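Undergrad: Please find one structure pasted underneath; my questions will follow.
The values are calculated or read from the model by the stated rules, or taken from the named source; none is laboratory data. Values in this document were obtained by computation on a predicted structure and should not be read as measured data. Neighbour counts are summed over all protein chains in view; Cβ atoms, including those assigned to glycine, are modelled from backbone coordinates with ideal geometry. To get the accessible areas, we keep the full protein, side chains included, count just its heavy atoms, and leave off ligands, DNA and RNA. Shrake-Rupley method; radii C 1.70, N 1.55, O 1.52, S 1.80 Å.
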Amino acid sequence: GAGVSQTPSNKVTEKGKYVELRCDPISGHTALYWYRQSLGQGPEFLIYFQGTGAADDSGLPNDRFFAVRPEGSVSTLKIQRTERGDSAVYLCASSYSGGASGANVLTFGAGSRLTVL
Amino acid sequence: AQTVTQSQPEMSVQEAETVTLSCTYDTSESDYYLFWYKQPPSRQMILVIRQEAYKQQNATENRFSVNFQKAAKSFSLKISDSQLGDAAMYFCAYRSTLPHMRFGAGTRLTVKP
């Protein structure tokens, strides 16, 4: 697509429920990133995919968070047993490649706002 | 660990005037990239300008320019001829050999008509 698409735009769930957030990156972008942005804060890195594999998942806060990218395109961020502290905007970004080239520009989606009641 | 600090939570500027947003960072790397992103209420992060650390010349994009002071680890954004559409959150970001970016906490810019 022309841009990075994220669905749903907004998600309200109850504490303890399971949620999935989807990211459809720009066609041809091999690198995909998930960030979490809490209210009044800058985005915080969660996980980075190069192709189908998670090249760096050091930002995932705990084992309730998991992400997949089975075919190297669309990615799904999965959160189990949601807690109120998980409420945030989850941003997805993609770029042509990751790796050592810092010049690669990340293109972001509009994010999914998750509210856990 | 690399950190990015934006010391101005909020800034205000009169339409058509100039405003400067501050950013400092901490790193032991010699080769890295710095970015300013704009986030309007639509939430989508939009790249404003970027700077390669090995370049001494400050980057410029139309009304947006940076003052990059490598020794001081400072990377400020100057917006000239401010427009109402410039109102947004602005985030400074750092990236080196690791593929992901590290962001500051942001500065909320208000433009007064």
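Undergrad: For B:LYS55, go through the lysines and keep the ones whose alpha-carbon is under 30 Å away, minus same-chain ones fewer than eight residues off.
TA: The qualifying lysines are B:LYS38, B:LYS70, B:LYS73, B:LYS78.
Undergrad: Hey, can you list the residues from the stretch A:32-46 whose accessible area shrinks by 50 Å² or more with all protein chains present, relative to the chain by itself (probe 1.4 Å, no ligands or nucleic acids)?
TA: The answer is A:PRO43 - residues whose exposure falls by at least 50 Å² when every protein chain is included.
Undergrad: For the stretch B:3-112, restrict the atom set to alpha-carbon positions and state the Rg and Dmax in Å.
TA: 13.3, 40
Undergrad: Right, another one. Using alpha carbons only, what's the Rg to Rh ratio of the protein assembly as shown with Rh from Kirkwood?
TA: On the way: Rg = 17.6 Å, Rh = 18.1 Å.
My calculation of the ratio gives 0.97.
Undergrad: Next question, about the same structure. For the stretch B:1-41, take every pair of Cα atoms, bin their distances at 10 Å starting from 0, and report each bin as a whole percent.
TA: Once binned at 10 Å, the Cα pair distances of the stretch B:1-41 give 18, 47, 26, 9.
Undergrad: Got a number for carbon plus sulfur as a percent of the protein assembly as shown's accessible area, 1.4 Å probe?
TA: Details: 5050 of 10780 Å².
C and S fraction of accessible area: 47 percent.
Undergrad: Then there is this: With a cut-off of 20 Å, note down the residues of the stretch B:80-101 whose backbone N falls inside the zone around a label point 7 Å from the Cα of B:LYS112 toward its beta carbon.
TA: B:80-90
Undergrad: Calculate how many DSSP beta bridges within chain B are antiparallel, expressed in % of all such bridges and rounded to the nearest 5.
TA: Numbers: 33 of 38 bridges.
Given both bridge residues lie in chain B, the antiparallel proportion sits at roughly 85 percent.
Undergrad: Dividing the Cα radius of gyration by the Kirkwood radius, what Rg/Rh value follows for the stretch A:5-94? Mind showing how you got there, number by number?
TA: Details: Rg = 12.4 Å, Rh = 13.2 Å.
Answer for the stretch A:5-94: 0.94.
Undergrad: Counting only heavy atoms of protein chains, what accessible area per residue, in Å², does the protein assembly as shown have with a probe of 1.4 Å? Write down the numbers at each step before the final one.
TA: Details: 10780 Å² over 230 residues.
On a per-residue basis, 47 Å².
Undergrad: Compute for chains A and B the buried accessible surface, both sides summed, probe 1.4 Å, and express it in Å² to the nearest 100. Write out the running numbers ahead of the final one.
TA: Details: alone 6190 and 6520 Å², together 10780 Å².
Counting both chains, the buried surface is close to 1900 Å².
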